[in-house]
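Presented below is the structure to which this report refers.
The values are calculated or read from the model by the stated rules, or taken from the named source; none is laboratory data. The model shown is predicted, which means the values in this text are computed figures rather than measured ones. Here the Cβ positions follow ideal geometry from the backbone for every residue, glycine too, while neighbour counts run over all protein chains shown. We work out accessible area using only protein heavy atoms, side chains counted, and drop any ligands, DNA or RNA first. Shrake-Rupley method; radii C 1.70, N 1.55, O 1.52, S 1.80 Å.
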Amino acid sequence: MEKVEKHEYLINGETMVILPHYNEHGHLYSLVSELGQDLVVAQKPMEIINNSCLYYGSSYQGRVEGASHLTKYNRMVPIVVCNRSGIYFFPTQSPKSEACIWFAHEYIKEILSVTAESSSVVLRNKTTVPVQISRAAMESKVNRAAQYRHLMSLQQREMERPLSEMMNLEQAFIMETTGAYSFNEHNPHV
């Protein structure tokens, strides 16, 4: 597959993985694999992650803090890049490392063991990405991302529940009487 070159990139629903890529001059760029194409982007992987988080309404640090709060994970946490579109990514190692690879959780199909210290990630389009971590460690990262997605989904469903399901409506009437508020459980008109 021919690689398209771009100066900037924003993560979208077809972004499967962001890998570090050094150009012919030794500058760190990104190799982005989408469902139908590969792109060489003149930005570091963390620049793409940061800019995409900002584009979708939060800072990267805010995404990390939110995920850490919800999951209680403190290191290499999965993040939601765009909540509305359900785009979740996770790092293979410290995001500060130039060797860090970022995977979109929804595109992981299978993880194959290569050696005791390396594995190969099979994406939904059958592309394979070699990673320098064990199969067990990679599966743990995928499972942490799945747990985070699940917790976010539970929160979303909780927020979408009708108010009437969350409280007894007979107790919800607040009536203003002489400038003060009072609750009257039996007669909402008093």
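Data table
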read-out	value
Where Glu5 falls short, out of the listed (1) at pLDDT below 95; (2) assigned to a strand (DSSP E or B); (3) open to solvent by less than 70 Å² (accessible area, probe 1.4 Å)	(3)
Pairs where the first residue, in the range 142-158, is more than 15 Å from Phe89 (Cβ to Cβ) and the second is of a type in the set (S, T, N, Q) and open to solvent by 40 Å² or more (accessible area, probe 1.4 Å), C-beta under 9 Å, 6+ apart	Gln156/Asn83
Count of residues meeting criterion [in contact with a Pro (Cβ under 7 Å, 6 or more places away or on another chain), hydrophobic (A, V, I, L, M, F, W, C) and assigned to a helix (DSSP H, G or I)] in the range 12-61	1
Pro78 open to solvent by less than 70 Å² (accessible area, probe 1.4 Å) and closer than 26 Å to Gln155 by Cα	yes
Filtered residue count, the range 44-75, keeping only those that are surrounded by fewer than 18 Cβ atoms within 10 Å (Cβ to Cβ), under 15 Å from Cys100 (Cα atoms) and among the basic types (Lys, Arg)	1
Given (1) farther than 18 Å from Arg75 by Cβ; (2) part of a strand (DSSP E or B); (3) open to solvent by less than 80 Å² (accessible area, probe 1.4 Å); (4) modelled with pLDDT of 95 or more, index of the condition Met175 fails	(4)
Residues of the range 104-149 that turn out to be among the hydroxyl-bearing types (Ser, Thr, Tyr) and under 16 Å from the mean Cα position of the chain (by Cα), as a count	3
Residue ranges of strands (runs of 3 or more DSSP E) in the range 97-161 with at least 3 members β-branched (Val, Ile, Thr) and on the phi < 0 side of the Ramachandran plot	108-115, 128-131
Conditions (1) in contact with a helix residue (DSSP H, G or I) (Cβ under 6 Å, 6 or more places away or on another chain); (2) surrounded by 17 or more Cβ atoms within 10 Å (Cβ to Cβ): number failed by Val41	(1)
Selected residue [under 10 Å from the mean Cα position of the chain (by Cα), part of a helix (DSSP H, G or I) and among the aliphatic types (A, V, I, L, M)] from Val64, Val80	Val64
